[in-house]
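What follows is a set of notes on a single structure, which appears directly below.
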Amino acid sequence: MAKWQYTKGLHDLGNGMWAYLQPDGSWGWSNAGLVVDGDQTLLVDTLFDLKLTQQMLDAMRAAVPAAKRIPRVVNTHNNGDHVFGNQLVADSEIIASKACAEEMEERPPENLVALIKNRDQIGPGAQFFYETMGSKFQFEGIKHTPPTRTFEKRLDLKVGDKVVELHELGPAHTRGDVVAWVPQDKTLFTGDLLFVGGHPVLWAGPVANWIRALDLMMSWGVEKVVPGHGRITDKAGLKAQRDYFVYIHDEAKKRFDAGLSAEEAAWDIKMDGWSHWLDGERIVVNVASLYREFHGKAYGERDEGEVMRLFGQMRKYKQERCPAGHQHGHD
């Protein structure tokens, strides 16, 4: 949707729908949303650290008088770049899926502080985390602030006269992915069930569940879609990611059947059609998740050792396979 500028800050989508964008949308640079009707507001996600979250809240309060008070917040899923700013809205009701809340207890912000501090001892995976995220965001001083209300499957909220439907569509990107759909305004906030202009990352799976989620979202008559990362889009953005998943599933299965390892398959799959998308190294995680499915494990969480091993492989892939000059950053 070319009419929506992809610039940092708050964007008015019309009729009380707002998006807060953080270009370039790569590792850690996430989006958030605000739903307003009358004097009622709902915030969809916080950001990766306190400074960025405070900047967002200040921008919202300057533009939207009702946002001086934000009584409810939705966390779409448990990645730090969507929940670590929660302490700045700790007086609000914070809503998430039950599975998201469980994951938040397993991965508090203190873990990342320790990871960065000990990265030299931990190895290449921790180094890659530091290079992509740890050097760009400030995790010191973030207090674990969990949801105060959880749900499963679906929860409908009223924001003034608007109905906001929360749909739990995970496990896919994570165990407890949730989207916020505002039918009256044909506006959808997807969290990380959608990346635009960047490779999605399949931490939980199964991939078929993520494809079903994309199909469901496309069936809703959406016109404005605020992804977890990247520029504002419409159904075309949802379809582009669906096409990506169908392609890598089929290509990975061919290589699995031919006896290649997951790492060999990730290096072998041709990704020319997506070379303009950021974070191409995520193919490593996606193929590893697909191989896990091909071995009969539908989905599940990895331990930290496995996560670090994959981060190390992504670092290697990026150094060897991602095009020179595609070392994106944030300005």
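The values are calculated or read from the model by the stated rules, or taken from the named source; none is laboratory data. Treat the numbers as computed from the prediction; the structure is a model and nothing was measured. Virtual Cβ from ideal backbone geometry, glycine too; neighbours counted across all protein chains shown.
Kindly indicate the residue of the range 113-144 that is β-branched (V, I, T) and under 20 Å from the mean Cα position of the chain (by Cα) and also farthest from W27 (Cα to Cα) among those meeting that condition. Here the answer is I142. The set of residues from the range 22-45 being touching a strand residue (DSSP E or B) at 6+ places or on another chain (Cβ under 6 Å), farther than 28 Å from L112 by Cα and polar (S, T, N, Q) comprises just one member, Q40. Do you know which of the residues in the range 86-118 that are of a type in the set (G, A, S) and more than 23 Å from D37 (Cβ to Cβ) is surrounded by the fewest Cβ atoms within 10 Å (Cβ to Cβ)? My answer is A90.
Output yes when any residue across the range 126-149 is part of a strand (DSSP E or B) and at pLDDT 95 or above, and no when none is. Looking for residues that are part of a strand (DSSP E or B) and at pLDDT 95 or above, one finds at least one in the range 126-149, hence yes. For the range 106-115, does any single residue satisfy the condition of being at positive phi and in contact (Cβ under 8 Å) with a residue 24 or more places away in the chain? Checked against the condition, which is being at positive phi and in contact (Cβ under 8 Å) with a residue 24 or more places away in the chain, the range 106-115 yields no hits at all. Out of curiosity, is G176 within 29 Å of D303 (Cβ to Cβ), touching a Cys at 6+ places or on another chain (Cβ under 7 Å) and not basic (K, R)? When the stated conditions are applied, G176 passes them. Filtering A96, A59, A67, A63 for residues that are of a type in the set (G, A, S), in contact (Cβ under 8 Å) with a residue 24 or more places away in the chain and within 24 Å of H173 (Cα to Cα) leaves a single hit, A96. When the range 167-213 is limited to residues that are among the β-branched types (V, I, T) and in a helix (DSSP H, G or I), the one that is surrounded by the fewest Cβ atoms within 10 Å (Cβ to Cβ) turns out to be I211.
Set side by side, the residues V163, V159 differ, and just one is under 18 Å from V74 (Cα atoms) and in contact with a Leu (Cβ under 6 Å, 6 or more places away or on another chain), which is V159.
Taken over the range 223-280, the criterion of being surrounded by fewer than 18 Cβ atoms within 10 Å (Cβ to Cβ), outside any helix (DSSP H, G or I) and in contact (Cβ under 8 Å) with a residue 40 or more places away in the chain is satisfied by D234, S275, H276.
Cβ-Cβ distance below 6 Å, separation of 6 or more or different chains: which pairs start in the range 12-26 with a residue that is on the phi > 0 side of the Ramachandran plot and without any contact (Cβ under 8 Å) to a residue 40 or more places away in the chain and end on one that is part of a strand (DSSP E or B) and among the β-branched types (V, I, T)? Within 6 Å, no pair qualifies. Checking the stated criteria, T132 turns out to be over 23 Å from G33 (Cα atoms), buried (at least 16 other Cβ atoms within 10 Å of the Cβ) and of a type in the set (S, T, Y).
Looking only at residues in the range 119-129 that are small (G, A, S) and crowded, with 16+ Cβ neighbours inside 10 Å, the one that is farthest from D279 (Cα to Cα) is A126.
Residues considered: G28, G9, G33. Of these, the only one that is small (G, A, S) and either within 19 Å of K143 (Cα to Cα) or modelled with pLDDT under 95 (or both) is G28. Each residue in the range 13-50 was checked for being acidic (D, E) and over 23 Å from P71 (Cβ atoms), and 2 of them qualify. Within the range 37-60, restricting attention to residues that are crowded, with 24+ Cβ neighbours inside 10 Å and more than 18 Å from the chain's Cα centre (by Cα), which residue is nearest to M104 (Cα to Cα)? Out of the qualifying residues, it is L42. Just one residue in the set R255, R315, R282, R242 is basic (K, R) and in contact with a Phe, Trp or Tyr (Cβ under 6 Å, 6 or more places away or on another chain); that residue is R315.
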